[in-house]
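Accompanying notes for the structure given below.
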Amino acid sequence: MKINCLSCGHNINLEDSTYGDYEGAIKCYACGAILEVKLIEGCIKSVKLHSLAQTGGNAPAGKSRTRE
Ligand SMILES: [Zn+2]
């Protein structure tokens, strides 16, 4: 499956066997941006730009906003 990098537009190729069901961060190897993706049964449910190319922030969980 392929995901378009929201930062540079590069096609990121993901192995279906690995990313069939996946929720988390993916790094674009072209520009280094971090994409937050949600894949369910090989379908892309959501793609968000997590951060632009930068290093040092590796906190996938724990930043959930709960309101009520
Ligand atoms: Zn990119």
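The values are calculated or read from the model by the stated rules, or taken from the named source; none is laboratory data. Computed from a prediction, not measured in an experiment: that's the story for all the values here. Don't worry about glycine lacking a Cβ; one is built from the backbone with ideal geometry, like all the others, and counts go over all protein chains shown.
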Hey, among 42, 20, 9, which residue is small (Gly, Ala, Ser) and modelled with pLDDT of 95 or more? 9
Which residues, counting only those in segment 45-65, are surrounded by fewer than 15 Cβ atoms within 10 Å (Cβ to Cβ), modelled with pLDDT of 90 or more and either more than 15 Å from the ligand (Cβ to nearest atom) or of a type in the set (A, V, I, L, M, F, W, C) (or both)? 45, 46, 49
So which pairs qualify, if the first residue must be in segment 1-16 and within 14 Å of residue 45 (Cα to Cα), the second must be in a loop (DSSP other than H, G, I, E, B) and near the ligand (Cβ under 10 Å from one of its atoms), the Cβ gap must be under 8 Å, and the two must be at least 6 apart or on different chains? 4/10
Of the residues that sit in segment 13-42 and are small (Gly, Ala, Ser) and in contact with a strand residue (DSSP E or B) (Cβ under 9 Å, 6 or more places away or on another chain), which one is farthest from residue 1 (Cα to Cα)? 33
Residues of segment 1-22 being within 13 Å of the ligand (Cβ to nearest atom) and hydroxyl-bearing (Ser, Thr, Tyr), which ones? 7
